[in-house]
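S.K.: One structure coming up, written as structure tokens, with questions to follow.
What follows draws every value from the coordinates through simple rules; no lab data is involved. A quick note: this is a predicted structure, and the numbers were derived from the prediction, not measured. In this analysis, Cβ positions are derived from the backbone assuming ideal geometry, glycine residues included, and neighbour counts consider all displayed protein chains.
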Amino acid sequence: MDAGIASDLAQLVSDPARVLTAPQVLDRLSHDFYWYSPILRPKLAAKVADIAVQPRDNVELMAVLEYAGGNEVPVTVRGAGTGNYGQCVPLNGGILLDLSLMDKLEEITPEGVAVCQPGLRLGALETAARAQGWELRMYPSTLVKASVGGFLAGGSGGIGSVAHGGLRDFATVRGFEVVTMEEPPRVVMHEGEAVHEILHAWGTNGILTRIWFALTPAVDWTQHTAVFGAYDEAFTFAESIAREPAWTKRLVTVFEWPIPSFFTPVKQVVRPGKALVLLMIATSQLGKLRAAMAAAGGEETFAGAYEGPRTQPLLSDYTWNHTTLWAMKTDPAYTYLQCGFSAAECREQFRLLREHFGTEILFHIEFMKNGTGEIIPGAIPVVRFTTEERLNEMIAYCRSIGVFVANPHVNYLEDGGRFRADNIQLRAKEKYDPRGLLNPGKMISFQKEHLAR
Ligand SMILES: Cc1cc2nc3c(=O)[nH]c(=O)nc-3n(C[C@H](O)[C@H](O)[C@H](O)COP(=O)(O)OP(=O)(O)OC[C@H]3O[C@@H](n4cnc5c(N)ncnc54)[C@H](O)[C@@H]3O)c2cc1C
């Protein structure tokens, strides 16, 4: 790094201590949970920013961007660094823009829209919202650590998606201000459909600095677990809860054995050899749920109130992509895929996968609502990793039988499953970051089009 950059950046923020140069700090801030993927691990381990800056407001942030633009220095944004695909790992050094100090919750409007800065943690927002009678429509299982900006730019959905769909659905993201990498940088408001130009673009085409995020009225939730003798029975019970609109639910998760054996801190909810269903259900429906579960052959192993992100045990800590973490703790040879099964064909798809790959793929289902309102079995199957070729064979086979796969073993947007086929994210990049300085290397269609000119 040019030693002048540190002193130049120190002029742009009110406290020079917010310009970070210590190698171990840069190493930490330059990495996320990319190591989940055995393919990304060796590719990204050595990638590190030259310097990091922690702006406190838009004035400082825009000054840093103007400086970076003028000097052709790449800028990679970081929220809390909980992404799984190395989204915030800088591939070409440069400046790491850590937004964790831009974490104000401005207000929750009477209509239930949170207005906040990007660095606000989702857990803090959930707690503040519930105190006012609202709650998040959906959140990743990294709720406590993850930031709102990082979720919008890098996440897709999670707990709550069974009722409210993914982040891109049902106008949950009402709008945001985007700071561009133009010369000079500008603040541009994106509302309605225009949010999709920037949403889930990994900070490659603009930086979210102020966000309008729709909430939903808070519910008195019970966390519930039940075990079933066979995966099919567990799946059918969970499906009946997920698909019937009369159930008020926030989470409907199914694990086949041996996945539950990985959850060592909550051994008491697990029974050897049995499939496990985790639910968050309205407390007012608990009696009815128990009857439905018993009729389906299930045995309740736990029921307790959800009292916010600090609840113990917090069942969401075992769901969505946390499941993979528990699997990897048990055996580092496990990794994962991100899939969407067909609501109508899923049983045949399960059968074909088992026939083809045996227990190399273990079923972990997260029911979710898609953008058309249909409830589908989303899935983050636990996969035993042997070689990259075998993993790609699994992905290709899934796709050949109609199972959607968002490939978590690539470090560019286009194969990650959320890139817009109409290229609106690419068009926004051409407009807002024509020099290609924002998180370079992560939107490969930009590089291709750019180089072709
Ligand atoms: C154990 C585990 C479980 C997970 N479960 C889920 C899950 O259930 N659902 C889910 O969707 N994800 C999940 N994830 C992925 C991740 O935790 C979430 O997507 C999370 O919301 C990311 O937030 P973050 O603040 O950590 O973002 P970061 O990792 O810091 O950033 C994510 C991306 O957004 C960009 N970015 C950050 N802030 C901004 C900004 N203000 N403007 C523009 N770009 C920005 C970054 O450059 C990066 O490309 C999981 C990850 C782990 C490790």
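S.K.: Which order do peptides 6-14, 218-226 fall in by mean Cβ count within 10 Å, highest first?
M.R.: The most tightly packed comes first, giving 218-226, 6-14.
S.K.: Report the one residue of 23, 33, 7 whose Cα lies farthest in the direction of the positive end of the charge dipole of region 1-103 (charges on C-beta: Lys and Arg +1, Asp and Glu -1; origin at the Cα centre).
M.R.: Working it through, the farthest residue towards the positive pole turns out to be 33.
S.K.: Do you know the Lys pair count in the chain for C-alpha distances under 18 Å, with sequence separation 8 or more or different chains?
M.R.: Number of lysine pairs found: 10.
S.K.: For every other residue with a beta carbon closer than 14 angstrom to the beta carbon of residue 268, add +1 if it is Lys or Arg and -1 if Asp or Glu, then tell me the sum.
M.R.: Taking every Cβ under 14 Å from that of residue 268, the sum is +1.
S.K.: Further question: Compute the FRET efficiency between residue 359 and residue 106 as 1/(1 + (r/R0)^6), taking r as their Cβ-Cβ distance and R0 = 51 Å, and round to the nearest 0.05.
M.R.: In this case the efficiency is close to 0.55.
S.K.: Could you tell me the largest-minus-smallest coordinate of the C-alpha atoms of region 359-430 on each of the three principal axes, in descending order and whole angstroms?
M.R.: Between the extreme Cα coordinates on each principal axis of region 359-430 lie 43, 32, 18 Å.
S.K.: Another question, then. Label point 7 Å out from residue 342 along Cα-to-Cβ: which residues of region 406-440 have amide N under 20 Å?
M.R.: 406-407
S.K.: Give me the net charge of residue 335's neighbourhood, meaning all other residues with Cβ under 15 Å from the Cβ of residue 335; Lys, Arg count +1, Asp, Glu -1.
M.R.: Neighbour charge sum, excluding residue 335 itself: 0.
S.K.: Here's a follow-up. Quick check: the distance between the Cα centres of region 33-84 and region 214-277, to the nearest angstrom?
M.R.: Here the answer is 37 Å between Cα centres.
S.K.: Now for a separate question. Take residue 397 and residue 22, extend 7 Å from each Cα along the Cα→Cβ direction, and tell me the distance between the two endpoints in nm.
M.R.: 4.8
S.K.: Here's something else I'd like to know. Sorted from fewest to most neighbouring beta carbons within 10 Å, what does the list 95, 444, 395 look like?
M.R.: If I rank by nearby Cβ atoms, fewest first, I get 444, 395, 95.
S.K.: Can you tally the net charge around residue 102? Count Lys and Arg as +1, Asp and Glu as -1, for every other residue whose Cβ sits under 10 Å from the Cβ of residue 102.
M.R.: Within the 10 Å Cβ shell, the charges total -1.
S.K.: What does the charge dipole of the chain about its Cα centre add up to, to the nearest 20 debye, if the Cβ of each Lys and Arg holds +1 and the Cβ of each Asp and Glu holds -1?
M.R.: For this selection, approximately 680 debye.
S.K.: In the chain, if the dipole is taken from +1 on Lys/Arg beta carbons and -1 on Asp/Glu beta carbons about the Cα centre, which of 410, 436, 282 is farthest to the positive end?
M.R.: Of the candidates, 282 comes out farthest on the positive side.
S.K.: Oh, and also: Stick to the Cα atoms of region 39-187, pair each with every other, and give me the Kirkwood hydrodynamic radius in Å at one decimal.
M.R.: 16.5
S.K.: Further, regarding this structure: Output the Cα-based Rg and Dmax of the chain in Å, rounding Rg to one decimal and Dmax to a whole number.
M.R.: Cα radius of gyration and Dmax of the chain are 22.0, 71 Å respectively.
S.K.: Given +1 on the Cβ of Lys and Arg, -1 on the Cβ of Asp and Glu, and no further charges, what dipole in debye does region 191-299 carry about its Cα centre, rounded to the nearest 20?
M.R.: Computed about the Cα centre, the dipole is about 440 debye.
S.K.: Want the number for residue 145 to residue 220: 0.36 nm per residue separation, take away the alpha-carbon distance, what's left?
M.R.: 24.7 nm
S.K.: Along the charge dipole of the chain, pointing to its positive end and built from +1/-1 on Cβ of Lys, Arg, Asp and Glu, which listed residue (358, 426, 228) has its Cα farthest out?
M.R.: The residue sitting farthest along the positive end of the dipole is 228.
S.K.: Would you work out the charge dipole size for region 1-153 about its Cα centre, treating the Cβ of every Lys and Arg as +1 and the Cβ of every Asp and Glu as -1, and quote it to the nearest 20 debye?
M.R.: My answer is approximately 640 debye.
S.K.: Is the C-alpha gyration tensor of region 35-121 telling us rounded, prolate or oblate? Criteria: a/c under 1.5 is rounded; beyond that, a/b larger than b/c is prolate, otherwise oblate.
M.R.: Judged from the Cα gyration tensor, region 35-121 comes out oblate (a/c at least 1.5, b/c at or above a/b).
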